[in-house]
1. With r as the distance between the Cβ atoms of Ile170 and Glu61 and R0 = 35 Å, compute the FRET efficiency 1/(1 + (r/R0)^6) and round to 0.05.
2. In whole Å and largest first, what semi-axes does the C-alpha gyration tensor of region 103-177 yield when each eigenvalue is scaled by 5 and square-rooted?
3. With label points built 7 Å along Cα→Cβ from the Cα atoms of Glu92 and Ser51, find their separation and express it in nm.
4. Restricted to Cα positions, what overall size does region 1-80 have along the principal axes? Three whole-Å values, descending.
5. Sum up the lysine pairs in the chain that clear both bars: alpha-carbon distance under 14 Å and a spacing of 8 or more or different chains.
6. Size of the dipole of region 1-88 about the Cα centre, Lys and Arg at +1 and Asp and Glu at -1 on the beta carbon, nothing else charged, in debye to 20?
7. Any chance you could check the Cα centroid distance between region 65-115 and region 37-63 for me, in angstrom?
8. Taking every eigenvalue of the Cα gyration tensor of region 8-153, multiplying by 5 and rooting it, what semi-axes result, largest first, whole Å?
Amino acid sequence: MSRAIGMVEYKTVSTGIKAADLIVKTAEVELIQSQTVCPGKFIILFAGDLSAVRVCVDAAEKNYPESLIDKFVLGNPHESIFKALTCTAEIENVAALGVLETFTAASIIVAADHAAKTAEVDLFEIRVARGMCGKSYLLLTGSVAAVTEAIESSCKLIKEDGLLLDYAVIPSPSKDFVNTLI
């Protein structure tokens, strides 16, 4: 059995709360985040065995499809996702800065996982729909080539679903500026 994470994102708080209750009653999973985010959406991020996470996402989608915005199941997520979600990643040097912005909370985590698995980059922040009218973004660093590869590949992945908002790769960003981000 594989360790996995899953998320469902709802456009209403009441439906999100019902879905969170359903998820923890459906299978043995651990809630990582279950909360309201801007603009009054509700996200539920949880972890467990791959089969349990899949069953929970499917149950939430089946029972509350009318308010579902986005969802995902990631088997074996990259370990850097958890520190980036809590802004506890330790970054020494930022050779290049990659930024990717999406329309949904779920899509940014999928993009972050893909970026971290595509190239040798360090994720250092995944901002999930807080204070951004429901949009989300990620910040990552590495060599210019690695950051470019990770960002371009992740953009291609999420652009297919129309969830890509914007992105940037900044070679040699100002250390003073970077210190305001970390």
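Nothing in this text is a laboratory measurement; each read-out follows from the coordinates by a stated rule. Since the structure is predicted, the reported quantities are computational estimates derived from the model, not experimental observations. No Cβ is skipped: glycine too gets one built from the backbone with ideal geometry, and neighbour counts run over all protein chains shown.
1. Step by step, r from the Cβ atoms, then E = 0.40.
2. Sorted largest first and rounded, they come to 19, 15, 10 Å.
3. Result for the modelled spin labels: 4.3 nm.
4. 33, 26, 16
5. So the count works out to 8.
6. So the magnitude is around 120 debye.
7. First find each Cα centre; the distance between them is then 16 Å.
8. 28, 16, 12
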